[in-house]
Amino acid sequence: MLTRSTVAESSAGAEHMLREALEANGQRFTEQRSAVYRYLLGTDAHPTADDVFTSVRGQLPDISLATVYKSLETLVGCGLAVKLTYGDGSARYDGRTDPHPHARCLDCGAVIDVPGRLDGAALACLGPLPGFAVESYRLELVGHCENCGTDR
Ligand code: ZN
Ligand code: MN
């Protein structure tokens, strides 16, 4: 099984994984989708579509923001990326697809991965939920990042 780190080390591995997932979902492999996917795998910054556009345009000068946006949505639809959405309508994208907690800065919007994960016992602390089958979780810590000032 290919993990994120082994994929990031090998662009051939990433391309293979992308081709298989696109094919399984009836989608075509394109250079644009490949560039967007490789960028997502290589960053843990949880970029916005604009961030991805700015970076990928360096390699593919003709790519449009609309194409970047559609590529991101295709990757999410194929299970290769996760879309993090916020109440203000903004969104960020994550190439890491296993359930993991995030911390989000209330000032600048930066999103970072939190080390560790909640196990079954920790989830059980949230209490029984009769009639609801828990499958996964989304957990977000909110606060202030080191750039914005943690000493308040
Ligand atoms: Zn911040
Ligand atoms: Mn993440």
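General remarks:
- Rel. contact order, % - alpha carbon contacts under 8 angstrom, at least six apart, the range 63-152: 24
- The order of 125, 108, going from fewest to most other C-beta atoms within 10 Å of their C-beta, is 125, 108.
- Summary: within the chain, the longest segment free of GluC sites (Glu not before Pro) located in DSSP loops with at most 11 other C-beta atoms within 10 Å is 1-134.
- For the range 41-64, the residues whose backbone nitrogen is under 17 Å from a point 7 Å from the Cα of residue 11, taken along Cα to Cβ, are 41-43, 55-63.
- Phi-based couplings in Hz for the range 90-100 (Karplus 6.51, -1.76, 1.60; Gly and Pro marked x): 7, 8, 10, 10, 10, x, 8, 10, 6, x, 8
- Each label point was placed 7 Å from the Cα along the Cα-to-Cβ direction; for residue 44 and residue 65 their separation is 3.0 nm.
- With bins 5 Å wide beginning at 0, the percent of Cα pairs of the range 4-94 falling in each bin runs 2, 15, 28, 26, 21, 7, 2, 0.
- For the chain, the relative contact order comes to 19 percent (Cα pairs under 8 Å, sequence separation of at least 6).
- 3J(HN,Hα) along the range 121-129: 5, 5, 5, 5, 4, 6, x, x, 10 Hz, from the Karplus curve 6.51 cos²θ - 1.76 cosθ + 1.60 with θ = phi - 60°, whole Hz, x for Gly and Pro.
- With both residues required to sit in the chain, DSSP beta bridges show an antiparallel share near 65%.
- Solution diffusion estimate, µm²/s, Stokes-Einstein, the chain, Kirkwood Rh from C-alpha pairs, 37 °C, viscosity 0.692 mPa s: 192
- Taking trypsin sites (Lys or Arg not before Pro) across the range 34-143, the ones in a DSSP loop with at most 14 further Cβ atoms lying within 10 angstrom of their Cβ are 117, 138.
- Per-residue ellipticity at 222 nm from helix content only, as computed over the chain with -39500 (n - 2.57) for each DSSP H run of at least four residues, stands at -11000 deg cm²/dmol.
- Cut-off of 10 Å, at most 12 other beta carbons, DSSP loop: longest stretch of the chain lacking such chymotrypsin sites (Phe, Trp or Tyr not before Pro): 1-85
- Nitroxide proxy distance, nm - points 7 Å out along Cα→Cβ at residue 144 and residue 27: 3.9
- Rel. contact order, % - alpha carbon contacts under 8 angstrom, at least six apart, the range 4-94: 28
Here, each number is a calculation from the coordinates, and none is a lab measurement. As the structure is a prediction and not an experimental result, all values here were calculated from the model. All Cβ positions, even for glycine, are placed from backbone atoms using ideal geometry, and neighbour counts span all protein chains on display.
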